[in-house]
Amino acid sequence: MKEAHEGELQKNVGKQSAKLLKGAAILGVAAVLSKLLGTLQKIPLQNVAGDTAFGLYNAVYPLYILILFAATAGFPVAVSKFVAERAILGDYEGAKRIVYVSATILMGSGVVLFLLLYFGAGEIAGWIGISHTARAIRSVSFALLLSPVLAVLRGYFQGYQNMVPTAVSQVVEQLIRVITMVALLLYLVALTYDEAWIAAGATFGSVTGAGAGLLVMLVYWRKDQRLRGNDSKRNSGVKSLEVDNKVQKANSYSKWQWARRITAYAIPVCLGAIVVPLLTLVDTFTMPRLLENSQGSEAEVMRQFGLYNRGLPLVQLVVMIASSMSAVLVPAIAAAMAHGQEGLIRSRAEMAVRLSWLVGLGASFGLAFAAVPINIMLYKSSEASWTMAVLAFTALFSTLNAVTASVLQGVGAIITPARALLLAIVLKALGNVWLVPRWGIDGAALSAVIAYAAAAGLNLVQLMRCTGARFALRPYVISPALGVGLMGVCLAALQLLAKPAVAAWHVPERLCYSTIALISVAVGAAVYGLALLLSGGISREELRLMPELERKLAPILAKVLPPAKERASDDS
């Protein structure tokens, strides 16, 4: 009887684990899709409206993200926690009460922040140093009336381990946002509105996107209310005395007591979430004023700021892809931590760092080597290609920072990542003050590399202390250096030889450089990956930790990587 009970318990645990993994996968796919849409949406804005409107948009949007994160970031987590507690007890009414209390808190804060942004837009624009940002600030402020309730409803469904509503709403929100931005962009440009109006139209996409996401969540909420209401009627009277007592105790809390509990849990999460937007916001509040001293007119300052931001979508795309690849190992680290398997923690931490290092390094050098053709392909001109090349190396350190932070959180060291990013904020601000007056936007790019490198370095040191991880010279320096060197030679030769060949076809310059850029990306990735495999930078055993990738590469590896070249797995 006891064995049967334990078997049933293990079966239930297995089902819960499978449900969690499925939910994580759904959210992961949705995050990649929504971030991809969000990253690439900036390219048509620059292409159609130019670098000045692009600069205005990039000055305002980080401010909105900071305020949004500060107001709502911790509440989906807090709501999901307390809803999950109610769900375990079958207390559907209690879960609804948490939603109503949280929505009331956030709606109140949303209205206050909307009023501050809308009526204080002129003052905030003065702090930024660019008066033309005021209209865009007012435009995006309306999203703060919708996003809070959206955040609460996402937390509710996550509490019930139902990730589909959150995933669907994220993709719909981003899709409608992009459609709105492009439609208003074409409309306002056709009517010859100035850059301030165009930037306001672009930021208004956040409002329609939030509205669409909220509408999706309300549809799911209405369906959920109907289903859970029926379940509550069927299950009434089935609860044990112990469970019933817990439900009654929770129901004895007043709305004010629930509000205090939810807010107390959400605030620390909010503080951690706003650090990354703060780092982006440093450029908004420092670069325009620093550039004004050397560039003169406000229009030229915004154009320069737009040029600087050309490289950021590509960097964000690399970080997103690399982080999602490496994040596969993070749950495994947390599981090993729970079972006290120190050797496994160390080997998996080393693998996560190595994967992020190899991907980030190759992508950074690849973007830097191909900066000119990529710049022309995406933005029509080669202006600020050197800035883009320097900024490309933030992809390496941003990826390392994101992955090491995840590993540290997996082993319970949650303070170090926040400290590392606070250090990066300070270094970015000081770097801008020192370097921008001397080298303009190139100086800002260099200060970004230094700031992210310092944050990644601090995380790495703490990771070595917590996990015992060690990083040997060959897989981290010698093999990647060989790969990067071969990739650089191949890309230089390719660009040197391809331009005359493609130009001979008498195609437009942009199409010519687009062809070169796409070939460079494919050739660079292939050469770099092959060099790593042949030099022992990554082995077949390590690839087996990612079965799908190993399966697709197996036919190629069988030809180019004989068994003698394989290194022993770190897990053995």
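Here V172 clears all of (1) free of Cβ contacts under 8 Å to residues at least 24 places away in the same chain; (2) buried (at least 17 other Cβ atoms within 10 Å of the Cβ) except the condition numbered (1). Counting only residues that are surrounded by fewer than 16 Cβ atoms within 10 Å (Cβ to Cβ) and under 10 Å from M287 (Cα atoms), segment 422-449 holds 2 of them.
For segment 342-373, a residue qualifies if it is out of contact with any helix residue (DSSP H, G or I) (no Cβ under 6 Å at 6 or more places or on another chain) and among the small types (G, A, S), and the qualifying residues are G343, S347.
The C-beta contact set for segment 146-168 (first residue more than 10 Å from P76 (Cα to Cα) and in the same structural domain as L33 (by TED's automatic domain parsing), second residue of a type in the set (A, V, I, L, M) and at pLDDT below 80, distance under 6 angstrom, 6+ apart or interchain) comprises S147/L68; Y160/A87; M163/I26; M163/L27; A167/I26; A167/L27; A167/A30.
Condition check ((1) at pLDDT 60 or above; (2) among the small types (G, A, S); (3) not assigned by TED's automatic domain parsing to the domain that holds F82) across all residues:
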position: W221; (1), (2), (3): yes, no, no
position: R226; (1), (2), (3): yes, no, no
position: S240; (1), (2), (3): no, yes, yes
position: D244; (1), (2), (3): no, no, yes
position: Q257; (1), (2), (3): yes, no, no
position: D283; (1), (2), (3): yes, no, yes
position: M287; (1), (2), (3): yes, no, yes
position: N309; (1), (2), (3): yes, no, yes
position: I321; (1), (2), (3): yes, no, yes
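Could you list, in sequence order, the residues of segment 418-468 that are outside any helix (DSSP H, G or I) and in contact with a Leu (Cβ under 7 Å, 6 or more places away or on another chain)? G440 - this is the single residue of segment 418-468 that is outside any helix (DSSP H, G or I) and in contact with a Leu (Cβ under 7 Å, 6 or more places away or on another chain).
Inside segment 78-91, can you point out the residues that are crowded, with 20+ Cβ neighbours inside 10 Å and either within 23 Å of S147 (Cβ to Cβ) or modelled with pLDDT of 75 or more (or both)? Correct list: A78, V79, S80, F82, V83. For A59, state whether it is on the phi < 0 side of the Ramachandran plot, more than 25 Å from the chain's Cα centre (by Cα) and in a helix (DSSP H, G or I). Against the criterion (on the phi < 0 side of the Ramachandran plot, more than 25 Å from the chain's Cα centre (by Cα) and in a helix (DSSP H, G or I)), A59 does not qualify. If we scan segment 129-142, do we find a residue that is under 26 Å from the mean Cα position of the chain (by Cα) and farther than 27 Å from E300 by Cβ? The answer is yes; a qualifying residue exists.
Look at segment 208-219: where a residue is assigned by TED's automatic domain parsing to the domain that holds M181 and closer than 11 Å to I176 by Cβ and a partner is in a helix (DSSP H, G or I) and among the small types (G, A, S), sitting 6+ places away or on another chain with Cβ atoms under 7 Å, you get A210/A143; A210/S147; G213/S169; V216/S169.
The values are calculated or read from the model by the stated rules, or taken from the named source; none is laboratory data. This structure is a prediction, so every number in the text was calculated from the model and none was measured. Because the Cβ atoms are built from the backbone with ideal geometry, glycine has one as well, and the counts that use them run over all protein chains shown.
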